[in-house]
Amino acid sequence: MLKPKLPPYDIQEWREQSFPERVRWVCQSWAVQGYGTPPLVYTFYLLKIVFYVWVWSFFCSFSPGLGSWSNVGSWWMHSVALQKAVLWSMAFEVLGLGCGSGPLTGRYLPPFGGFLYFLRPGTTKLPFWSKLPVLGGHRRSWLDVLLYLAYLVALFRALVAPDITMSHVLPIVVVLPLAGLADKTLFLASRGEHYYTATVCFLLSSVWIPASKLVWVAIWLGAATSKLNTHFPSVIGVMISNSPFTNIGPLRKWMYKRYPDDLHPSRLAHVLAHFGTVVEFTFPLVLLYSSGGTLTTVTLLVMLSFHIFITSHVPMGVPIEWNIMMVYGGFVLFGHHSAVSVAGVLQVPWLVAFLAVMLVLVPLVGNFFPAKVSFLNSMRYYAGNWAYSVWLFRGDASKKLDQHLVKSAPRVQNQLRILYDEDTITALISKVIAFRAMHVHGRALVELVPRAVDNVDDYEYLDGELVTGVVLGWNFGDGHLHNVPMLEAIQAQCQFEPGELRCVFVESQPMGRAVLDWTIADAAEGVLEQGRIQVSDLHKRQTWELPSTSAA
């Protein structure tokens with residue numbers, strides 16, 4: 001149950017290959033094996049879903065007539081049940097139990113971060129501005145801990161209330177932005193672009209339902225818009241290759257043009273990608289303008305199928321509970337409350353302005369200027385167009401992370417040593433290279449990593465996600481957490497020597513410009529080099545090809 005499916009080659013022989021050749025081997029392995037996730041890991045995520053739903057029903061039981069599974073059909077669409085689902089989802093995520101938990105996010109022992117870090121003074125944080133008075137700095141203070149604790153108290157106070165009123169919601173609305181100023185990780189981990197925005201709508205009992213409809217539709221449309229690029233077909237292949245349900249004959253190989261020599265997405269992968277984008281664009285708009293009846297029911301069933309497809313493939317980062325929340329909210333808001341028109345929001349000008357900022361302006365800025373806004377706040381979700389980083393530690397220099405940083409988990413390598421031998425550890429971490437390289441943006445790695453260091457064999461290669469998880473206590477695919485500011489925060493505490501830690505930072509593609517900006521930095525010496533890669537050039541390469549050897 002704990003044994004992963006290892007790559008079909010000798011790990012020692014793999015170590016002896018050149019870096020591009022190593023990339024080729026791991027990508028070919030991922031195409032047919034995925035991450036090689038042990039069966040017990042899937043059981044862990046299934047039990048977590050059961051826990052998530054059960055605790056929600058427990059909090060609903062504080063409201064008269066809600067919470068009992070014997071008559072769940074009579075209350076699960078109640079408006080208070082949805083409000084408590086949103087608030088419990090916020091708590092679930094910021095506790096570190098949701099997205100970014102477990103082995104599929106590089107978190108093994110312990111499988112959770114979140115509260116283990118956020119309640120511990122001295123842990124590393126990323127304030128909105130490092131020199132911010134009182135709330136700034138690189139290390140968590142007792143004030144930061146108290147802000148986080150106050151946020152949790154406000155959430156649980158609302159969850160055990162019979163009804164959700166302004167007096168319950170207002171403390172949450174006030175405290176989370178303050179905590180986010182002190183550590184932006186908290187706002188991102190709370191899924192602020194979704195749950196916080198919906199919670200602000202709860203302030204007004206008369207219009208929160210039509211306002212929440214706009215939030216749900218904006219999330220769907222934002223996610224669909226993020227797929228209007230040439231990256232998404234690659235996501236389909238990577239995700240299906242990693243699904244526990246697709247190891248059927250040649251199905252996984254069908255996702256690629258000509259396995260194992262050409263791992264560009266196949267025509268089938270392109271069709272699936274475009275079909276999913278069309279569904280995510282059109283059907284939410286149907287829900288927005290329909291007023292119940294058969295059309296609404298059919299549309300909700302289509303969206304249910306859409307999210308089942310995503311969750312059944314157990315994508316890396318595992319946003320399973322969030323997908324459940326999207327479906328549940330859709331049925332309550334557009335099914336049970338289908339007669340409620342979104343025009344009611346116009347009665348409250350300040351709420352219209354707030355929603356315009358959170359649902360339109362911020363995502364627009366994030367799409368056109370991705371370096372300025374997190375991909376979560378930009379609603380650029382699982383579309384293959386993310387900022388990412390690679391961290392290269394010379395020799396055993398990564399041990400400084402354990403020696404100098406206050407953390408609740410050791411380095412990923414040390415977590416895995418409790419369970420596996422060195423070859424298995426190398427195999428598991430190498431699969432993260434494959435996940436990164438098989439997306440379009442990752443094809444730049446074989447070009448940029450050798451630019452960052454003279455001899456990659458002298459360095460330990462770690463994806464930024466694996467570093468962020470143990471340094472910050474939360475990671476969910478957002479390269480804006482593991483960028484230059486995090487490197488500076490680590491350097492301020494660890495004092496790496498020149499050349500001991502080199503990083504490659506690759507920004508996501510802005511809307512309207514098919515380019516990726518990159519930065520190479522040294523922990524001690526700062527930014528060393530910056531440049532830009534044309535996305536069209538990356539499409540011409542295999543994941544392991546250098547520009548000079550790329551095939552047209």
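The values are calculated or read from the model by the stated rules, or taken from the named source; none is laboratory data. Remember, predicted model here, so these are calculated numbers, not experimental data. We place every Cβ from the backbone using ideal geometry, glycine too, and count neighbours over all the protein chains shown.
Filtered by the rule that a residue be under 20 Å from residue 491 (Cβ atoms), assigned to a strand (DSSP E or B) and of a type in the set (Gly, Ala, Ser), the range 518-543 gives 521, 526. Only one of the numbered conditions (1) at pLDDT 95 or above; (2) over 22 Å from residue 150 (Cβ atoms); (3) touching a Leu at 6+ places or on another chain (Cβ under 7 Å); (4) of a type in the set (Ser, Thr, Tyr) is not met by residue 108, and that is (1). Can you find a residue that is assigned to a loop (DSSP other than H, G, I, E, B) and within 25 Å of the chain's Cα centre (by Cα) anywhere in the range 445-455? Checked against the condition, which is being assigned to a loop (DSSP other than H, G, I, E, B) and within 25 Å of the chain's Cα centre (by Cα), the range 445-455 yields no hits at all.
Here is a yes/no grid of residues against (1) at pLDDT 95 or above; (2) of a type outside the set (D, E, K, R):
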site	(1), (2)
396	no, no
418	no, yes
431	no, no
446	no, yes
452	yes, yes
467	yes, yes
477	no, yes
480	no, yes
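Residue check: residue 70 meets all listed conditions (1) more than 24 Å from the chain's Cα centre (by Cα); (2) hydroxyl-bearing (Ser, Thr, Tyr); (3) under 30 Å from residue 210 (Cβ atoms) but one, namely (3).
Six or more apart or on different chains, Cβ under 6 Å: which pairs go from a residue in the range 354-375 that's more than 14 Å from residue 196 (Cα to Cα) to one that's among the aliphatic types (A, V, I, L, M) and not in a helix (DSSP H, G or I)? Could you list them? Cβ pairs passing all conditions: 363/379; 365/373; 366/373; 367/511; 368/511.
One line per residue, one yes/no per condition, for (1) buried (at least 21 other Cβ atoms within 10 Å of the Cβ); (2) within 23 Å of the chain's Cα centre (by Cα); (3) outside any helix (DSSP H, G or I):
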site	(1), (2), (3)
392	yes, yes, yes
409	yes, yes, yes
416	yes, yes, no
420	no, no, yes
424	no, no, no
430	no, yes, no
441	yes, yes, no
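Just one of (1) surrounded by fewer than 23 Cβ atoms within 10 Å (Cβ to Cβ); (2) of a type in the set (A, V, I, L, M, F, W, C); (3) touching a Leu at 6+ places or on another chain (Cβ under 8 Å); (4) farther than 12 Å from residue 321 by Cβ fails for residue 77. It is (3). For the range 465-513, a tally of residues being of a type in the set (D, E, K, R) and closer than 29 Å to residue 537 by Cβ returns 5.
In the range 162-180, what residues are surrounded by fewer than 18 Cβ atoms within 10 Å (Cβ to Cβ) and either in contact with an Asp or Glu (Cβ under 9 Å, 6 or more places away or on another chain) or of a type in the set (A, V, I, L, M, F, W, C) (or both)? If the condition is that a residue be surrounded by fewer than 18 Cβ atoms within 10 Å (Cβ to Cβ) and either in contact with an Asp or Glu (Cβ under 9 Å, 6 or more places away or on another chain) or of a type in the set (A, V, I, L, M, F, W, C) (or both), then 166, 170, 173, 174, 178 are the ones that fit.
The sole residue among 52, 35, 9, 42 that is under 23 Å from the mean Cα position of the chain (by Cα) and closer than 21 Å to residue 260 by Cα is 35.
Within the range 241-272, the set of residues being closer than 16 Å to residue 431 by Cβ and within 22 Å of the chain's Cα centre (by Cα) comprises 241, 242, 243, 244.
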